[in-house]
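Enquirer: Here it is, the structure, as structure tokens.
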Amino acid sequence: AEEAARSGQGVKGAGGAAAGGAAAVAELIGRQAEWSEETANYEAAVEMYIKAKKYDRAMALLVRHGWWDRLQQLMRSLDKTADAKHITAAVSAFRRAGKYDAAKEGLLKLEDIPGLLQLNVEEERWDDAFLLQTAHSQLKEQVYIPYAKWLLSRDRFAEACAAYCEGGRPEQGLAILQQLADNAVTQRRYADAAHGHFQLATEALKAIQNHPASMTAADRQAFDMFSRHYGVAEMYYAYSIIQAAAHQRFKTVDDSTLFNAARFLLMRVLGRDTPKGIAISEALLALAGQARAQGAFKLARFAYSRLQVGPVFQCAV
């Protein structure tokens, strides 16, 4: 037993000596690497830092001198568990240098899916980002929100709105649609304004979750928004027809279409709040003119009686 104990102690002592020897060798190699760095023998310094497992010092030299292929080789040789922080540092260096493929390789080695998705977003590789997001639906917001901002920067507003809604931020998408509709009215593009309000109505309709008989307060609010935007869309579209007939150089609107557009618009707005940009006098003048042409004189008198005569229309009346 005593011999066995002495034998065990001898083995432990040998193991400790071996470990101490390995540490001493690593320390010696590290000093040699530092001396090589001081004497500007950087390639030798890199190799010795790697042998001494001082990967951070080796990477610093590789990055400083732009030896990206050697850094990629070093990254491939590292263990994804034990050396994860060094692989991460290499990926960061590649990203700063714009080395997409090398950074992607490192992230795949780490199995860092969110990081890989972020890399694709930063590089605006949207096809790759959406392909990755399809397999990881929990990352939808990380793709769609940056994509929506990218679309906005390129004046692709309708697509940006859809991306915001898909990414779980419908309020931002609806704000864009509302702004587009308001801008269209300001610029007298009434057909575009009608389209914008129709899109707003469609999005409101999508927000209704329950059957009409069991609507919640949120459902009723969404339905009211749908009704309001849909009604405004109809009025702007009818007014766009009247505007086209009144201001285009050539006749592009059929008489019956103009008559019905004016009649429809007046039925909607008389006695109610008129949407911004719609001039009731133009609708009344169009209705009166078409009624006279078709022999509907009572209707023409009604339209003229409602018409507030101003200097623009005085001669025509």
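The values are calculated or read from the model by the stated rules, or taken from the named source; none is laboratory data. Here the structure is a predicted model, which means the values were calculated and not measured. Cβ: placed from backbone, ideal geometry, glycine included. Neighbour counts: every protein chain shown. Protein only, heavy atoms only, side chains kept; ligands, DNA and RNA dropped before computing areas. Shrake-Rupley method; radii C 1.70, N 1.55, O 1.52, S 1.80 Å.
Enquirer: Given the peptides 83-90, 251-258, arrange them by the average over their residues of other C-beta atoms within 10 Å, most packed first. Walk me through the numbers on the way to the answer.
Expert: Details: 83-90: 18.4, 251-258: 13.5.
Top of the packing list down: 83-90, 251-258.
Enquirer: Given a 1.4 angstrom probe, I'd like the percentage of the accessible area of region 157-302 that is carbon and sulfur, rounded to a whole number.
Expert: Numbers: 4570 of 8270 Å².
C and S atoms contribute 55 percent here.
Enquirer: Continuing with the same structure: Report relative contact order for region 149-297 in percent, whole number only (criteria: Cα-Cα under 8 Å, sequence separation at least 6). Before the final figure, lay out each step's value.
Expert: Values: 153 pairs, mean separation 24.3, N = 149.
Here the relative contact order equals 16 percent.
Enquirer: Here is a follow-up. Provide the packing ranking of 234-246, 122-134, i.e. peptides ordered by the mean count of other C-beta atoms within 10 Å per residue, highest first.
Expert: Working: 234-246: 21.8, 122-134: 15.1.
Peptide ranking by packing, descending: 234-246, 122-134.
Enquirer: Moving to a separate point now. From the square roots a ≥ b ≥ c of the eigenvalues of the alpha-carbon gyration tensor of region 86-231, which class results: rounded (a/c under 1.5), prolate (a/b over b/c), or oblate?
Expert: Working: a/c = 4.50, a/b = 1.99, b/c = 2.26.
Since a/c reaches 1.5 but b/c is at least a/b, the shape of region 86-231 is classed as oblate.
Enquirer: Order the peptides 103-112, 194-203 from the highest to the lowest mean number of other Cβ atoms within 10 Å of their residues.
Expert: Details: 103-112: 18.9, 194-203: 21.6.
Going from most to least packed, we get 194-203, 103-112.
Enquirer: Might you tell me the accessible area per residue for region 176-301, computed with a 1.4 Å probe and given in Å²?
Expert: On the way: 7290 Å² over 126 residues.
Per-residue value: 58 Å².
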